[in-house]
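Quick notes on the structure that follows.
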Amino acid sequence: MKVDLREQSFINIRIRNTSLYGANLVRCDLSGSEVDNVIISGMNLNGAKLYNCKWRNLGLHEGIELNGHEGKINQVCFSSNGRSLASCSDDTTIRLWDVKTGKIRAVLKGESEVKSVCFSPNDTILATQRGKFVYLRNLKTEKYIWKLDGHSSKKFSVCFSSDSTTLAFGNDDNSICLWDVKTAQQKAKLDGHKDQVNQFCFSPDGTILASGSDDKSICLWNVKTGQQKAKLDGHSSKVYSVCYSPDGTTLASGSADESICLWDVKTGQQKAKLDGHSNAVNSICYSPDGTTLASGSWDHSIRLWDVKTGKKKAKFYDQLINLVISICFSPNGTTLVSCGDSHFKNRNSIRLWDVKTGEQKAKLDGHSGGILSVCFSPDGTTLASCSDDQSVRLWDAQTGQQKAKLDGHTNDVYSVCFSPDGTKLASSSRDESISLWNFETGQPIAALFGHWKRIPSICFSPDGTTLASGSYKEIFLWDVKTLKTKAKLGGHLNGILSVCFSPDGTSLASGSLNKSICLWNVKTGQQKARLDGHIDQVNQVCFSPDGTTLASGSNDKSLRLWDVKTRQQKAKLDGHSDTVNSICYSPDGTTLSSGSADNSIRLWDVKTGQQKAKLDGHSGAVASVCFSPDGIKLASCGEDSSIRLWDFKTGQQFLPSDNSSKEILSQFKFPIFSNNNLSKSASSNITILRISQHLNLEAQGALILKGEFINFQGVDLKSLLKLKGSYILESQIEIEQKQPQN
């Protein structure tokens, strides 16, 4: 249940046997609470007080990330004892991970991409495919024992037999080779497929090998004789993955036709077909008890299926992953590991999923793609957003509920902007059009055409009579009443990324791919000035509320402040470690916010040029930031498909007043809520509301003391809460007790 309960007192509350998925508990006092058998996935505990809590049997449907690879991750595999995880990547490395700690145990480097990795069932050997060779490494001595010529530089599978004596891998001639692990001699060559073999799997007793191919078929082979026993036809496209059930009676197959088929191994007949994925099924894996089948797809998702009923049990989803390449159950069946190919740099991670909490999440309203722009309505009650899912959405800025979805664009929507009177909303798109919408009804008023390339930016004039739009080398000024073009401003040598009117409406600023900023006279259409200084493209420009200063953000990672009158650079603000995508002044002009591809938002003191705060929370690049008209909230959005509202009660302290809190805090030698980072983190600069289809647990600035937070598997989640920004106050007590007495 996704409920908004922020800033409430729930001292000593008892909650059992329910789901609090997505519950907003920002700044709630949950001291003394007892929670048992409750789903807490997606919960927002930012700034909450969690003293003497007893939370047990918690369901946390969330992936833990293992980061380290710098290229696409091609395969993951658990060791038989479940303590180690192997991964291989296009970054030419193999990494061995400690599953319990998430730490890297070893990095095995080479000169070519690694396409496949597999532990032997007895955990003594690791097989990997690098280039056209298969390498066998003794895990005890950490030495390579064999180098087998696979005659292929393509990706192919490597697989051990259940007794660890035989290794299978594929060749360029569409055949499969069986090798003796002890002698490194080829035992057999299996011919029969007419196209590339993608994956194979030994039956649990080691007597049969199943293989799936681009020729749309599955072949079953007698391992001892090398003869084909059966051919299974049924898929209408390439077969990417095959997997035996633990009892060996059923074979599952995943295909580019978006389906999974279950086959009776004895009869060769199809038992069931599982439909649900919206793109190719790249990887499948049975749980150790055989009751669940996991599938990973190019549609970004992992699904869990009930083998007996054929029904979907759960769906794990990561919008930042372009396609799920490989999945694997842990030997105890409680964890599922996945890896994939990411849209975005620095997102080549491995994810560990808690399987036991895998109930189907209720689908929430939200964009299904990266969110590119957000804008508050003039009265601050509504937030507009647009996305590469081709839609514009309107949200209640207080509750986060979706008010309307505006469809009409046929490609990515880049920018949204309210008219000053709040009656209209404009949106611009990659489809080369601008749409005007009636805000009250949500109906389209008009579509404006004229640009012949994508339109990254639009802006209403302060009086609402003119709309500016920037595209390739030209800015159009549109008469909002007649819907006709009033002027065309040409001067940039490349695409225009941002346009902004001055507060008095007489000037227009534009930022471009050619690293420059232009100032235009709106009345004459003439260029007044060109501001040079950035060394890369200028992504956004924004006038200060008094119109005296222009701010700009660039791919060169900097923000710059320009004196509009003298046209000189006043300041350069450095701090971001990647592209600055968006900037916005607070209504009082004292603060400048910036959103970056480094996943952070920063707040700058305009007078001093110093950074006031850094806001972390987005898991992908921040595409847009926008202050509410009253300056109390900041909205942000980005590649992680979420919208966040940040609260700035910077003058407030998080001051507990109940007796239980006073008793607890009396243990501290120094008042922890006075003039230090704890009070600031607990009271301000936290996400107070998230809008997303897929929410993760958050606990930035939460205060935890003398409690327990145990999941279904008996694992203490305090380390996870600390990782998410919580303060474990026992640690603070220990530090202060060690300090010398005055």
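The values are calculated or read from the model by the stated rules, or taken from the named source; none is laboratory data. Because the structure is predicted, anything quoted here is derived from the model rather than measured. Backbone-built Cβ (ideal geometry, glycine too); neighbour counts: all protein chains shown.
See the values below:
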quantity	calculated
Residue in the stretch 481-494 that is within 15 Å of S433 (Cα to Cα), out of contact with any Cys (no Cβ under 6 Å at 6 or more places or on another chain) and part of a loop (DSSP other than H, G, I, E, B) present	yes
Which listed residue is under 20 Å from C339 (Cβ atoms) and aliphatic (A, V, I, L, M), from V281, V239, V223, V265	V281
Enumeration of residues in the stretch 95-115 that are closer than 15 Å to L136 by Cα and not in a strand (DSSP E or B)	G110
Elements of type strands (runs of 3 or more DSSP E) in the stretch 501-563, at least 2 residues being within 22 Å of C417 (Cα to Cα)	507-512, 517-521, 538-543, 549-554
Pairs where the first residue, in the stretch 235-253, is farther than 17 Å from Y286 by Cβ and the second is part of a loop (DSSP other than H, G, I, E, B) and hydrophobic (A, V, I, L, M, F, W, C), C-beta under 9 Å, 6+ apart	H235/A256; S236/A256; S237/A256; S237/A280; K238/A256; K238/A280
Given (1) of a type outside the set (G, A, S); (2) touching a residue at least 60 places away in the same chain (Cβ under 8 Å); (3) closer than 26 Å to L561 by Cβ, index of the condition V480 fails	(3)
Q8, sole failed condition from (1) under 28 Å from the mean Cα position of the chain (by Cα); (2) outside the structural domain of L139 (by TED's automatic domain parsing)	(1)
Residues of the stretch 134-148 satisfying the condition of being crowded, with 16+ Cβ neighbours inside 10 Å and either among the hydrophobic types (A, V, I, L, M, F, W, C) or more than 36 Å from the chain's Cα centre (by Cα) (or both)	V134, L136, L139, W146, L148
Residue within the stretch 430-445 that is aliphatic (A, V, I, L, M), more than 30 Å from A597 (Cα to Cα) and in a strand (DSSP E or B) present	yes
Pairs where the first residue, in the stretch 123-142, is in a loop (DSSP other than H, G, I, E, B) and the second is of a type in the set (G, A, S), C-beta under 6 Å, 6+ apart	D123/S79; D123/S80; G131/S112; G131/S153; K132/G150; K132/S152; K132/S153
Failed condition for E639, given (1) buried (at least 24 other Cβ atoms within 10 Å of the Cβ); (2) at pLDDT below 95; (3) touching a His at 6+ places or on another chain (Cβ under 7 Å)	(3)
Residue count for the stretch 446-480, restricted to those that are in a strand (DSSP E or B) and either among the β-branched types (V, I, T) or touching an Asp or Glu at 6+ places or on another chain (Cβ under 9 Å) (or both)	5
Matching residues in the stretch 193-242 - criterion: being touching a His at 6+ places or on another chain (Cβ under 6 Å) and either of a type outside the set (D, E) or not in a loop (DSSP other than H, G, I, E, B) (or both)	S213, K216
Any hit, the stretch 605-612, residues being more than 22 Å from V499 (Cα to Cα), under 24 Å from the mean Cα position of the chain (by Cα) and surrounded by fewer than 21 Cβ atoms within 10 Å (Cβ to Cβ)	no
Output for the stretch 244-261, where each listed residue is out of contact with any Leu (no Cβ under 7 Å at 6 or more places or on another chain) and under 14 Å from S295 (Cα atoms)	S245, L251, S253, G254, S255, A256, D257, E258, C261
Selected residue (criterion: nearest to the chain's Cα centre (by Cα)) from residues of the stretch 613-630 that are over 15 Å from F376 (Cβ atoms) and in a strand (DSSP E or B)	V622
Test result for S552, of a type in the set (S, T, N, Q), under 22 Å from G505 (Cα atoms), touching a strand residue (DSSP E or B) at 6+ places or on another chain (Cβ under 9 Å) and outside the structural domain of Q398 (by TED's automatic domain parsing)	yes
Selection from the stretch 262-281 of residues that are crowded, with 23+ Cβ neighbours inside 10 Å and within 20 Å of L220 (Cα to Cα)	W263
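Condition check ((1) farther than 21 Å from C177 by Cα; (2) in the same structural domain as Q185 (by TED's automatic domain parsing); (3) crowded, with 21+ Cβ neighbours inside 10 Å; (4) among the basic types (K, R)) across all residues:
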site: A106; (1), (2), (3), (4): yes, no, no, no
site: V117; (1), (2), (3), (4): no, yes, yes, no
site: D123; (1), (2), (3), (4): yes, yes, no, no
site: Q129; (1), (2), (3), (4): no, yes, yes, no
site: K132; (1), (2), (3), (4): no, yes, no, yes
